[in-house]
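Trainee: One structure, as C-alpha cells, below. Some questions next.
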Amino acid sequence: MNTELVNTVKETFISKFNTDPLLVFSPGRINIIGEHTDYNDGFVFPAAVDKGIYVAIQKSTSQDCTVIALDLKEHINFSLQTLKPLEVGRWENYILGVVAEIKKAGKSIGNFNAVFKGDIPAGAGMSSSAALENSIVFSLNALFELKLSKEDMILISQKAEHNYAKVKCGIMDQYASMFGMENNALHLDCRNVTSKPYKINFKAYQLVLINTNVKHNLSDSAYNERRATCERISKLLNAKALRDVKEKDLERIKAQIPEEDYNKALYVIQENTRTINAAKAIAQNDLETLGRLIFESHKGLSTMYKVSCNELDFLVQEAKNSTVVLGARMMGGGFGGCTINLIEKEASKTFTETLAKAYKKTFNRDCSIYHVKLANGTHIINANNSF
C-alpha cells in the first residue's frame with residue numbers, strides 16, 4: 001500500500017471540504033491467464049494487486065456532489081437529479097455511472113464529496129476503471145448504509161461500464177478488484193460469478209509487468225466487435241455462450257463462417273481449457289506448465305484472436321528466447337498495454353534492463369517495468385492508515 005497516496009487524498013480532502021473523510025483502497029488487477037473468455041461465460045484467473053485507487057469521501061451538505069481527480073487535476077460537480085453520460089472516454093462516466101446504477105437499484109444516497117488518486121500505471125491493462133468504479137460504489141455503500149453485498153456492488157460497477165462508459169465488459173475486472181485475496185489468484189467462473197482461490201507459491205520466480213507504453217486506437221471498438229463475433233457464433237450453434245461449445249461443434253460450421261471468425265471462436269474455446277489446466281498446474285506447484293500455458297495464451301491472442309500488436313509480440317518473443325522466463329503474454333484488452341511475465345528473481349534485473357534497451361532500439365520508445373504483489377480486494381483503510 002502507498003501511504004503517501006493515502007495521506008495525499010486525505011489531506012487534500014480535509015483542506016478542500018473541512019471534514020474528515022472515509023478512506024477506501026480499491027486495487028487494480030492482473031490476469032494470469034484467461035483473456036477474452038469472461039464475456040463468453042468462461043473461466044479467468046485474475047488477482048488483485050498492490051496498486052490501485054485511493055479515495056477520500058464523505059457526505060456533503062451542499063446542493064450537489066463534487067469529485068476531484070488529483071492525477072488529472074480535474075474535477076466534476078453534478079446533481080443526483082440530472083445524471084447522464086458525458087462523451088465516451090471521459091473519466092467522469094465511471095463515477096456518474098455508478099451513482100446512476102445505485103439509484104436504478106432502488107437505493108437512496110445523498111450528496112457527497114470525494115478526492116481520488118491512484119498508482120495504477122496508465123494504459124497498462126490493469127483495470128483502473130474497475131478499481132475506480134468499485135472504490136465509489138464501496139464507499140457510497142459504507143457512507144449511506146445501503147446494505148449492498150459485494151456481489152451487488154460489482155454488478156453495479158459493471159453496469160456503469162456498460163451504460164455510461166459504453167464498454168461491454170465482462171465481470172472479471174470488477175470481481176478481481178473487489179474479491180482479491182493476498183497471495184492468491186482467483187479461478188473465476190464468469191457464468192455463475194463464483195471463484196476458487198489458489199494460493200500461489202512463485203518460489204524462485206516473480207511476476208513482472210512490462211508496459212509497452214502504447215495504446216492503439218482500435219482497442220474499444222475491436223473489443224466490442226470481437227464480443228459480437230463470439231455471440232454470433234454461439235447463436236449459430238444454439239449455445240448460450242462459447243463456454244458451452246467444443247472444438248468439434250465449431251468444426252461443424254467452419255464452412256459457414258469467415259475463417260477469421262472461426263479462429264477467434266477457436267481461440268476462446270482453447271483459452272478456456274488453458275485456464276482449467278492452469279488451475280491444476282498451480283495446485284501442483286508446477287510453474288513450468290503454468291509458464292507454457294501462458295506462452296500458448298499469447299500465441300492465440302496474437303495469431304487467432306488478433307488483439308496483440310508489434311510491441312507486445314516483441315516483448316513476448318524476447319521473453320520466449322530467454323532461459324530465465326517461464327511464461328509471458330499480453331494482458332488485458334490488447335493493442336498495447338502490458339505483458340505479464342514469470343521471471344527468475346535473481347535474473348530479473350539483468351533480463352529487464354537488456355529487454356528495455358532492445359525495445360528502445362526497435363521502437364524508439366521506452367517500456368516501463370513494474371513489480372506487483374497479489375493483494376486484498378477493495379476495503380476501508382483504517383483511520384490510523386494501517387492496512
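Trainee: Which residue pairs have Cβ atoms closer than 9 Å, lie 6 or more positions apart in sequence or on different chains, and pair a first residue in the range 68-79 that is in a loop (DSSP other than H, G, I, E, B) with a second residue that is surrounded by fewer than 18 Cβ atoms within 10 Å (Cβ to Cβ) and not basic (K, R)?
Mentor: Sorted first by the residue in the range 68-79, then by its partner, the pairs are L70/T8; L70/T12; D71/A122; S79/Q63; S79/D64; S79/N111.
Trainee: From V214, V307, V208, which residue is closer than 21 Å to D38 by Cα, under 20 Å from the mean Cα position of the chain (by Cα) and not in a helix (DSSP H, G or I)?
Mentor: Just one listed residue meets the conditions, V307.
Trainee: Separate question: Just to verify a result, which residue in the range 1-19, among those that are in contact with an Asp or Glu (Cβ under 8 Å, 6 or more places away or on another chain) and among the aliphatic types (A, V, I, L, M), is nearest to A375 (Cα to Cα)?
Mentor: Per the criteria, the residue is M1.
Trainee: Sticking with this structure for a sec: Of the residues K168, K147, K117, which single one is within 19 Å of I95 (Cβ to Cβ), in contact with a helix residue (DSSP H, G or I) (Cβ under 8 Å, 6 or more places away or on another chain), surrounded by fewer than 24 Cβ atoms within 10 Å (Cβ to Cβ) and not polar (S, T, N, Q)?
Mentor: Sole residue among the options that is within 19 Å of I95 (Cβ to Cβ), in contact with a helix residue (DSSP H, G or I) (Cβ under 8 Å, 6 or more places away or on another chain), surrounded by fewer than 24 Cβ atoms within 10 Å (Cβ to Cβ) and not polar (S, T, N, Q): K117.
Trainee: I've got another one for you. Could you tell me whether any residue of the range 121-134 is out of contact with any Phe, Trp or Tyr (no Cβ under 8 Å at 6 or more places or on another chain), crowded, with 22+ Cβ neighbours inside 10 Å and within 18 Å of I381 (Cα to Cα)?
Mentor: Checking the range 121-134: at least one residue is out of contact with any Phe, Trp or Tyr (no Cβ under 8 Å at 6 or more places or on another chain), crowded, with 22+ Cβ neighbours inside 10 Å and within 18 Å of I381 (Cα to Cα).
Trainee: Identify, please: which residue in the range 316-354 is assigned to a loop (DSSP other than H, G, I, E, B) and modelled with pLDDT of 95 or more and is, among those, most open to solvent (accessible area, probe 1.4 Å)?
Mentor: T323
Trainee: Quick one: which residue in K103, K84 is modelled with pLDDT of 95 or more, within 21 Å of L140 (Cα to Cα) and either open to solvent by 10 Å² or more (accessible area, probe 1.4 Å) or in contact with a helix residue (DSSP H, G or I) (Cβ under 8 Å, 6 or more places away or on another chain) (or both)?
Mentor: Step by step, each of K103, K84 is checked, and only K103 is modelled with pLDDT of 95 or more, within 21 Å of L140 (Cα to Cα) and either open to solvent by 10 Å² or more (accessible area, probe 1.4 Å) or in contact with a helix residue (DSSP H, G or I) (Cβ under 8 Å, 6 or more places away or on another chain) (or both).
Trainee: Here is a follow-up. From the list G34, G52, which one is open to solvent by less than 20 Å² (accessible area, probe 1.4 Å), touching a Phe, Trp or Tyr at 6+ places or on another chain (Cβ under 9 Å) and part of a loop (DSSP other than H, G, I, E, B)?
Mentor: None of the other options fit; the residue is G34.
Trainee: Scan R232, R226 and give me the residue that is buried (at least 20 other Cβ atoms within 10 Å of the Cβ), at negative phi, touching a helix residue (DSSP H, G or I) at 6+ places or on another chain (Cβ under 9 Å) and of a type in the set (D, E, K, R).
Mentor: R226
Trainee: Output yes when any residue across the range 300-314 is within 21 Å of F202 (Cβ to Cβ), out of contact with any Gly (no Cβ under 7 Å at 6 or more places or on another chain), of a type in the set (G, A, S) and at pLDDT 95 or above, and no when none is.
Mentor: The answer is no, given that none of the residues of the range 300-314 is within 21 Å of F202 (Cβ to Cβ), out of contact with any Gly (no Cβ under 7 Å at 6 or more places or on another chain), of a type in the set (G, A, S) and at pLDDT 95 or above.
Trainee: Just the residues that are touching a residue at least 24 places away in the same chain (Cβ under 8 Å) and not polar (S, T, N, Q), please, taken from the range 90-99.
Mentor: Listed by number, the residues that qualify are W91, E92, Y94, I95, L96, G97, V98, V99.
Trainee: Report, ordered by the first and then the second residue, all pairs with beta carbons closer than 7 Å, sequence separation of six or more or different chains, a first member in the range 122-142 that is farther than 22 Å from R329 by Cα, and a second member that is assigned to a loop (DSSP other than H, G, I, E, B).
Mentor: A131/I120; N134/T378; S135/T378; F138/T378; L140/I109; L140/L146; N141/L148
Trainee: When the residues of the range 264-315 are narrowed to those that are polar (S, T, N, Q) and closer than 30 Å to E353 by Cα, which ends up most open to solvent (accessible area, probe 1.4 Å)?
Mentor: My answer is N310.
Trainee: Separate question: Quick test for you: out of D152, D173, pick the one residue that is more than 17 Å from the chain's Cα centre (by Cα), in a helix (DSSP H, G or I) and touching a residue at least 24 places away in the same chain (Cβ under 8 Å).
Mentor: The unique qualifying residue is D152.
The values are calculated or read from the model by the stated rules, or taken from the named source; none is laboratory data. What you see is a predicted model; the values in this text were computed from it and never measured. FYI the Cβ positions are ideal-geometry reconstructions off the backbone, even for glycines, and counts take in every protein chain you see. Just so you know, the surface numbers come from the protein's heavy atoms only, side chains and all, with ligands and any DNA or RNA stripped out. Shrake-Rupley method; radii C 1.70, N 1.55, O 1.52, S 1.80 Å.
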